[in-house]
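All remarks here apply to the structure that follows.
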Amino acid sequence: SRALLLRIVAQACGGAADTRCVEKTQFSNPWHRLLAAVPVALVEAPEPLAVRLAETAAAFFGGSKDGDASAASWLQTLSPPEAGGDSEDVLGATRTYAHIAGALLVLHPKGDVHAAAWEVTERIMTSPKAAERKVCMQRLLPRLVSATEETEAAERLANFIDVQLSGMTRGGIADALALGVSFHQHLLRHWRLSSFAGDHSDVGLNLIATGLRLGLKECASLRKQARFLLEMSVREALVDAGAESAVKSIASIDCTGMAAAWRSFWELFDAVEDYSSHLLKSSWEALMTRLINYMRGLKEDATAPRWSPAVLAPLWLE
């Protein structure tokens, strides 16, 4: 069935197939033409067919070490151009690459294919091209991250986020938040946002703070993503075995009191988010009284580590 599928593709593509992209593989010339037809077909193929075509082409390389080398060599020829060219052509090449690399990673989760896929992914995810980043995030990154050791994957993802945040464009911030939410299990541990020791990453803190500061109405979804990351960090922090003693060393309350303070904060956040003057008028005094009383209980000690993101500190009210 695989051979039949590829033969149909080759016939449909006619002379458009470029056999140079597989000239280094061990297959005979007819198979060169069949494999070469797949990238051409993927440019316009609907999603279900594109996935099947990529899987079929990947299967010809098997799962052996020799197959990994041949597959990586073929994959390298399909790398999207780094600069120049028509934007639609580049986007189509990126989509093709993502489909084929994702399919090859199933059979070759380590080795040359893995390294080659990360190299191209890093170039795309640190570029200013939002459309190509979106394709990579949707079709390649999930499979690539799942094939990578957690620490390495988290470091790479954190770097992508740091680069996109540094540009301070809405598209870059949106992609950074999307990465944070999609891979929060990797990243929250890597950033140590639930730690009370003050050893958390500035990248994670900056991501959340940047998202919450986006005040325009059309940025509501981005604020929700930032809120999700902060709420997850607080939740993990307050259920930690050492949370009770850590909170008492920071504020004159226990974990229950800290959780109550956060609830007041999010009630105020929701009231402002909804632009409800009636809700603000009815809840403002009570909420602000609770929050101010809580803030008064925070211990100021110049020798203490910086506040954890899980602590409701002045940063979040600002």
Output for segment 129-173, where each listed residue is out of contact with any Gly (no Cβ under 7 Å at 6 or more places or on another chain) and assigned to a loop (DSSP other than H, G, I, E, B): 129, 147, 148, 149, 168, 169
Residue 33 modelled with pLDDT of 75 or more, basic (Lys, Arg), out of contact with any Lys or Arg (no Cβ under 8 Å at 6 or more places or on another chain) and open to solvent by 80 Å² or more (accessible area, probe 1.4 Å): no
Residues satisfying the stated conditions in segment 219-247, i.e. within 21 Å of the chain's Cα centre (by Cα) and farther than 18 Å from residue 183 by Cα: 219, 220
Within segment 175-213, tally of residues that are closer than 15 Å to residue 310 by Cα and among the charged types (D, E, K, R): 4
Output for segment 193-230, where each listed residue is open to solvent by 60 Å² or more (accessible area, probe 1.4 Å) and either assigned to a helix (DSSP H, G or I) or without any contact (Cβ under 8 Å) to a residue 12 or more places away in the chain (or both): 202, 206, 213, 216, 217, 218, 221, 224, 228
Test: residue in segment 6-27 that is at pLDDT 50 or above, part of a helix (DSSP H, G or I) and in contact with an Asp or Glu (Cβ under 6 Å, 6 or more places away or on another chain): no
Filtered residue count, segment 251-272, keeping only those that are open to solvent by 30 Å² or more (accessible area, probe 1.4 Å) and not in a helix (DSSP H, G or I): 3
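Results for (1) touching a Gly at 6+ places or on another chain (Cβ under 7 Å); (2) closer than 22 Å to residue 118 by Cβ; (3) among the hydrophobic types (A, V, I, L, M, F, W, C), shown as yes or no for each residue.
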| position | (1), (2), (3) |
| --- | --- |
| 37 | no, no, yes |
| 42 | no, yes, yes |
| 48 | no, no, no |
| 51 | no, yes, yes |
| 55 | no, yes, no |
| 59 | no, no, yes |
| 62 | no, yes, no |
| 68 | yes, yes, no |
| 74 | no, yes, yes |
Residue 87 being in contact with a Phe, Trp or Tyr (Cβ under 7 Å, 6 or more places away or on another chain), open to solvent by 10 Å² or more (accessible area, probe 1.4 Å) and touching a residue at least 12 places away in the same chain (Cβ under 8 Å): no
Checking residue 127 against (1) in contact (Cβ under 8 Å) with a residue 12 or more places away in the chain; (2) open to solvent by 10 Å² or more (accessible area, probe 1.4 Å); (3) over 18 Å from residue 53 (Cα atoms); (4) hydroxyl-bearing (Ser, Thr, Tyr), the condition it does not meet: (1)
Matching residues, segment 93-114, being open to solvent by 10 Å² or more (accessible area, probe 1.4 Å), of a type in the set (A, V, I, L, M, F, W, C) and over 15 Å from residue 67 (Cβ atoms): 93
Filter result for the condition that a residue is in contact with a Phe, Trp or Tyr (Cβ under 7 Å, 6 or more places away or on another chain), modelled with pLDDT under 90 and on the phi < 0 side of the Ramachandran plot, over 291, 280, 268, 287: 291
Residue 121 vs. criteria under 16 Å from the mean Cα position of the chain (by Cα), in contact (Cβ under 8 Å) with a residue 12 or more places away in the chain and open to solvent by less than 20 Å² (accessible area, probe 1.4 Å): yes
Complete set of residues in segment 163-192 that are open to solvent by 50 Å² or more (accessible area, probe 1.4 Å) and among the charged types (D, E, K, R): 170, 189, 192
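Tally up the residues in segment 74-84 that are surrounded by fewer than 19 Cβ atoms within 10 Å (Cβ to Cβ) and closer than 18 Å to residue 36 by Cα, please.
Number of matching residues: 4.
Restricting to segment 239-250, what's the tally of residues that are in a helix (DSSP H, G or I), open to solvent by 40 Å² or more (accessible area, probe 1.4 Å) and not acidic (Asp, Glu)?
Of all residues in segment 239-250, those in a helix (DSSP H, G or I) come to 243-250.
Then keep just the ones that are open to solvent by 40 Å² or more (accessible area, probe 1.4 Å); that gives 244-245, 248-249.
Narrowing the set further to residues that are not acidic (Asp, Glu) leaves 245, 248-249.
The total comes to 3.
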Condition met for residue 234 (surrounded by 20 or more Cβ atoms within 10 Å (Cβ to Cβ) and at pLDDT 90 or above): yes
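The values are calculated or read from the model by the stated rules, or taken from the named source; none is laboratory data. These numbers were taken from a predicted model, which means no experiment stands behind them. We place every Cβ from the backbone using ideal geometry, glycine too, and count neighbours over all the protein chains shown. Ligands, DNA and RNA are excluded from the accessible area calculation, which covers all protein heavy atoms including side chains. Shrake-Rupley method; radii C 1.70, N 1.55, O 1.52, S 1.80 Å.
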